[in-house]
Structure formats: structure tokens, C-alpha cells
Amino acid sequence: MFRSNFLSRERSKPVLFTGLAAVVLTAVSMIGFPAAASASPAATVMVQTQRMSDATLNSTLIGYYPKGAMLQLSCYKRGQSVKGYFSKWIAGGYDDLWYKTSDGSFVADVDVQTGSSAPITGQCTSGPTSVAVDTNAWFTLTAKNSNKVLDVRGGGSANGTAVQQYPGNGSNAQKWHFVATDSGYYRLVSALNGNEVLDVRGAGGSNGTKVQIWSWAGGTNQQWMPVDAGNGNITLRPRHVGRCLDVTGGSTASSVQLQIYDCNGTSSQQFARTNVGTVTPVPVANKLAADVDAFVNSSQNKLLDYHGNGAHECVDLFNFYQRDVIHGSFVSIDYAYQIWTKFPAGASNSYTKISPSSTPKKGDVAVWSSSLPYSGGAGHVAVVMSQVNATTISVFEQNAPRGAKSIVKNESTSYLLGYLRPNRA
């Protein structure tokens, strides 16, 4: 669907959002765009546009393609109808044509120039099918080529610790918990630290990019699809790029750090799962708190910008929290205070309203009114970390004061409309 601007402490400038155009009317053809070569279908990005994991704005946002970028197109898919750059030449403004690019992402046709109103590639065929995994078990993963086990080097639990192959020893450094995300993908949680997951370093997509553990932040480089490789083995494919987890160089030596590489069917990309015990459920009260901490760790001291207009507003932070922690859809509002007053679609099923006099909990969303000083009538929104005292809360926020990066700081509860308490555990 077409997504409107988000505003926090000031109004946003209008921006053009990803849409699509299968039926770019004949007026587009009359502009005189050159046709793409059929041997190597390509497109030019006409306005900064989203890179999505599927042909819908409700899939995972991988990043953005900048204006002027040249894209190689692999195949097309009919998906969500949205608006964009070429909407004025489309009857009704909406269409549903998307292209899969050479990096594995999807881009809406309405924001790219292909020289045609019809698809210029073949249709996308079904990709690999995910294998169902017991999400209540700990597993070891043994590389077929070496008979060595996927291992966190030195039993470390810090961000950036290498993931290697090593002889099996029964330690927590070699135990992994598959936690489902969506569409057949899982995050692989280390038994050493419930916040640390198998991660492709720097979200790199090239052959040879190493793997490590990193705090869960919802990234597509932290999500893996297990695909049947025969004889009880699986391959593990990262969501952000079409490659496979791979033992570097096909080595059989201990302590070799793993990487991603083109899927090639070799034994260095095949892993056997061994159930080594039942996962003890994390207490319900701690699940949300742990995810909030992971979100803050991955997002603080940044300028979060969902819609790419450079405003870096408080609602941008809220929408990333909504996606990565609440696992809900983005909300469309004009001002921050409307998250409370309008309780828009995408939020109403995810939260319960709590009065401003209630004791807040970690993970609650605090919403301030339009009367909040220096907010320009927009109000403010932030994620609660803790209650400091009766009139002060510690929050994770952005754009307070205007232009400030995301940070944890104390704020007064004056002008507070109330709290939105997540319904998730």
C-alpha cells in the first residue's frame, strides 16, 4: 500500500515512496526512454527506493537503492500494488509489478526506468523450500566435509566473535536454537548468550564474507533458511543474499572461520543437525526486555530514517521498534501524538493503552501530547527503559532535541498522554 509521511517533532517534507508500475501507460513510452537490452535486462533508479525481501512493502526492508543506480534485473513477480515515481502515468496510480535484482532484493517497477510498461524479464520461479526445524531443541551442526561442529570461537559471547568449525565437545559454544522469524527463515541463537545469533559480518553479500555472532537486531543477514541437502543434511542460506554458509576452502582443519559462498552443492556447505537437548523457555517477563536491549544496542547513536527523507524523526525510531521488536507493520500518521489519539492500524492489535499515571515497564511506548513544549505541535514518542521516579522516565528516543541521534536519556512525564504496552511476551 502507499505509505504516507511520518512526523515526530516537526512536519516532514513530502517524499515519494516505493510503488510499482506494471502498467505504465503509453504516455511513458512517448517520453522516449531507451529500451533495455533483452540479453541483460537493466533498469535505472529514478528516485531513492526501497530494497525489499519480497514483492511487498510488508516484507523485510533490506535497504535503499539511490537515485541513478543501475540495476541488473533477474526476474519479475506480481506483488503488492503501490504508488511511486511513474504513478502519474498509470491509471489510478497503482500497480503490482516488481523485479528481483541481481543482489536478490526486490524493487518496485514504478520507481525504475526499464523502457517498457510490460515485464522485460522472465517470471520468478519458486526458490528453495525451507525445512521444518524443532524450535524447542538445541542442535549441533556438523559440517559434512570435516565432521567438525559449528562453534563460537573460545566460547566468547561478545559481538563479533568468530564462528568456526571445531571438534565436538558438548559445550554451549556448539549449541544452537532455531527461532522462527517468517517465510521459512530462522535466527540461530547461541546457547552462550540468548541475545547473540549467527550473523554475516557487516551484512556483506560477497563470496568470502565471514560469519560471527552478533546481537539480534532483526537484520536479514541474521536470518537463515535451512534447505534439504539430502541424507539428513541441510544447507543454510542467509536471507539478505543468495549464497550458502560454507567451510572456507573446504578445509578440514580446526578453528577455520566459516563464510558465505555461492551455493555449489559441495560437502563443505552441508550440515547435519543433532538434537542435544530441550531449550529451557526464557521467563516471559524477560523475553521482551531482552529484545528491547538488543534493539537499543544495535540502534543507539544512529540517525534512524525509515522513509529516506533525511528527517530522522522520533516516529522513525518507533517504526523500527514496531518492526524489529513488536514484529508488527509500520504505522502511518502525521504527528507523533496521533499514535495515541488515532491508535492507527498496525498498532491497535500490538499494544494495550495504559494511563500516564500507571507504572511503566521496559518496552512500553511513551507518547506525549501536542502541547509538549518545543515539539511544534507534533508531540513525541519514545521507548521506555525504566521508571526513574514519579515524574521521570528513562527512554530510548531520537530527535530530542531536534536532529539528535537515538540515545537513552531521562525525560519528564509532563504532557504524557500515556503508555502503549506491547501485547507480546
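The values are calculated or read from the model by the stated rules, or taken from the named source; none is laboratory data. Please read all numbers here as calculations on a predicted model, not as lab measurements. Backbone-built Cβ (ideal geometry, glycine too); neighbour counts: all protein chains shown.
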- Going by the structure shown, is Tyr419 within 26 Å of Ser298 (Cα to Cα), modelled with pLDDT of 90 or more and of a type in the set (Ser, Thr, Tyr)? yes
- Return yes or no: is Ser350 within 19 Å of Ser298 (Cα to Cα), touching a Lys or Arg at 6+ places or on another chain (Cβ under 8 Å) and either touching a residue at least 24 places away in the same chain (Cβ under 8 Å) or of a type outside the set (Asp, Glu) (or both)? no
- Assess whether Phe295 counts as being closer than 29 Å to His177 by Cα, out of contact with any strand residue (DSSP E or B) (no Cβ under 6 Å at 6 or more places or on another chain) and modelled with pLDDT under 90. yes
- Please verify whether the stretch 67-74 includes one or more residues that are without any contact (Cβ under 8 Å) to a residue 12 or more places away in the chain, of a type outside the set (A, V, I, L, M) and not in a loop (DSSP other than H, G, I, E, B). no
- Message: Can you tell me which residue is surrounded by the fewest Cβ atoms within 10 Å (Cβ to Cβ) among those in the stretch 382-409 that are under 28 Å from the mean Cα position of the chain (by Cα) and without any contact (Cβ under 8 Å) to a residue 24 or more places away in the chain?
- Response: Lys409
- Message: Looking at the stretch 117-137, can you tell me whether even one residue there is buried (at least 17 other Cβ atoms within 10 Å of the Cβ), in contact with a helix residue (DSSP H, G or I) (Cβ under 9 Å, 6 or more places away or on another chain) and part of a loop (DSSP other than H, G, I, E, B)?
- Response: yes
- Taking the condition free of Cβ contacts under 8 Å to residues at least 12 places away in the same chain and either assigned to a loop (DSSP other than H, G, I, E, B) or among the hydroxyl-bearing types (Ser, Thr, Tyr) (or both), does Gly92 pass? yes
- From Thr220, Thr235, Thr252, which residue is under 23 Å from the mean Cα position of the chain (by Cα), at negative phi and modelled with pLDDT of 95 or more? Thr235
- Answer yes or no: is there a residue in the stretch 172-194 that is among the small types (Gly, Ala, Ser), surrounded by fewer than 18 Cβ atoms within 10 Å (Cβ to Cβ) and over 19 Å from the mean Cα position of the chain (by Cα). no
- Item | Residue satisfying all of: in the stretch 65-110; within 13 Å of Ala55 (Cβ to Cβ) and of a type in the set (Asp, Glu); modelled with the lowest pLDDT among these | Asp95
